[in-house]
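Report on the structure given below.
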C-alpha cells in the first residue's frame with residue numbers, strides 16, 4: 001500500500017492507494033462514525049453489495065449520472081434529504097463515484113451545517129489521479145464549475161481495482177489526464193505512454209497513477225487557493241471546458257481535454273508529438289470537428305495555457321525538447 005500525506009494550510013489529507021482496499025471489511029473507515037454515501041445510479045447498481053456493508057451506514061443517496069447532477073437544484077434536494085434524516089455535523093459524507101460525484105459531494109460537505117467531514121472514494125481514472133485531489137468543490141451555474149471553493153476531504157481512498165469495470169472509452173479519457181500531467185511536469189510519463197499499450201500491466205498503471213498524483217499534490221500544496229502556479233492546470237481545460245459547454249456536455253471531459261490540449265499547442269512543435277499519443281489511445285476521433293467551435297472561442301477569449309506553462313516554469317523540459 002502507498003500512503004501520501006498532503007499538507008495544506010487548512011488540513012492534512014491522508015491518501016491511501018491500494019488495489020482492493022475497498023472491500024466488504026471497510027477497514028479504511030472509522031467504525032465509530034456514521035456515514036452517508038453519495039453516488040450515481042449506475043455505480044450504486046454495480047457496487048451496492050459492498051456499499052451496503054459500510055459500518056453505521058445511514059443511507060446511500062443515488063443521483064442521475066452526468067454533469068447535470070452538479071446543480072443548485074440537486075444540491076438543494078440533497079440538503080433537504082439530509083435535514084430530514086437529521087444528519088449531524090460529525091457524520092461523514094462519502095463521495096463514491098467519478099468527478100461529478102466528487103464535486104457535488106464536496107460542495108455539500110463544505111456548506112452543510114457550516115462544514116462537515118467527507119471522504120473521496122473515486123471510481124474513475126480521471127477522478128483517482130486528478131479530480132479527487134486538491135479540495136475543489138463546485139457546481140455549475142451558467143457554465144461549468146462556476147460556483148465553489150477549496151474544502152479538502154479528510155481522506156482520499158484510491159483503489160485501482162475499481163478501474164477494472166470501467167468501459168474502455170472511460171479508461172482512455174483518464175489517459176488524456178495522464179498525458180496532461182506528463183506534459184505539465186513529468187516527461188517520464190510521456191515516454192512510458194509512447195511505448196505502452198492497453199491494457200496496461202498492473203505495475204505500469206500504478207506507477208503512472210502515482211506519478212500523476214505526486215504532480216497534482218506538489219502543485220496544489222504550493223498553491224492551495226489557485227492564486228498563482230495553480231493556473232498551470234488550465235492546460236487543455238481552457239478550450240476543453242468550452243467544448244463541453246457548447247455541446248451541452250455530450251462530449252465527455254476526457255475527450256474535450258484531449259482536443260483542448262491539441263489546439264492549445266497549435267503552432268508549437270509539441271503538437272506533432274501529442275497527436276500520435278491521442279491516436280494511440282483513441283482520443284483523436286473527430287478532432288477536426290471542433291475547429292469551428294474553437295475558432296469562435298479564440299475570437300472572444302485569450303488562450304493562456306501554453307503561455308502559462310512557460311511563464312510559470314513548471315515544464316522546462318518542454319523547452320529543452
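Where a ≥ b ≥ c are the square roots of the eigenvalues of the C-alpha gyration tensor, would you call the range 60-206 rounded, which needs a/c under 1.5, or, failing that, prolate if a/b is larger than b/c, or oblate?
prolate
If you average the C-alpha positions of the range 267-299 and of the range 189-204 separately, how far apart do those two centres end up, in angstrom?
22 Å
7 Å from Cα along Cα→Cβ at both residue 77 and residue 145: what's the point-to-point distance in nm?
Once both label points are built, they end up 2.4 nm from each other.
Only Cα pairs under 8 Å and at least 6 apart count here; give the relative contact order of the chain as a rounded whole percent.
Across the chain, relative contact order equals 15 percent.
Restricting things to alpha carbons, tell me how big the range 168-239 is in terms of Rg and Dmax, in Å.
12.9, 38
Once you order the gyration tensor axes a ≥ b ≥ c over the Cα atoms, which shape class does the range 177-288 get: rounded for a/c under 1.5, otherwise prolate or oblate by comparing a/b with b/c?
Note, shape of the range 177-288 comes out oblate.
For the chain, how big is the tail of P(r) above 39 Å, as a whole percent of Cα pairs?
10 percent
Order of 254-264, 129-139, 240-250 by packing, highest average Cβ count within 10 Å first?
The densest-packed peptide leads the list: 254-264, 129-139, 240-250.
Measure nothing fancy, just the Cα-based angle from helix 237-246's long axis to the longest principal axis of the chain, in degrees from 0 to 90, nearest 10.
Rounded to the nearest ten degrees, it is 70.
Calculate the length of the line joining the C-alpha centroid of the range 3-71 to that of the range 144-160, in whole Å.
One Cα centre to the other: 12 Å.
Can you give me the relative contact order of the range 2-165 as a percent, contacts being Cα pairs under 8 Å and 6 or more apart?
Reported relative contact order: 26 percent.
Helix 168-184: angle to the longest alpha-carbon principal axis of the chain, degrees 0 to 90, nearest 10?
Tilt relative to the chain: about 60 degrees.
May I ask for the angle, rounded to the nearest 10°, between helix 202-222 and the longest principal axis of the chain, with both axes built from Cα atoms and the value confined to 0 to 90°?
With rounding to tens, the tilt is 90 degrees.
Any read-out appearing in this document is the output of simple, stated calculations on the displayed coordinates, not a laboratory observation. For clarity, every value in this text was computed on a predicted model and none was experimentally measured. Because the Cβ atoms are built from the backbone with ideal geometry, glycine has one as well, and the counts that use them run over all protein chains shown.
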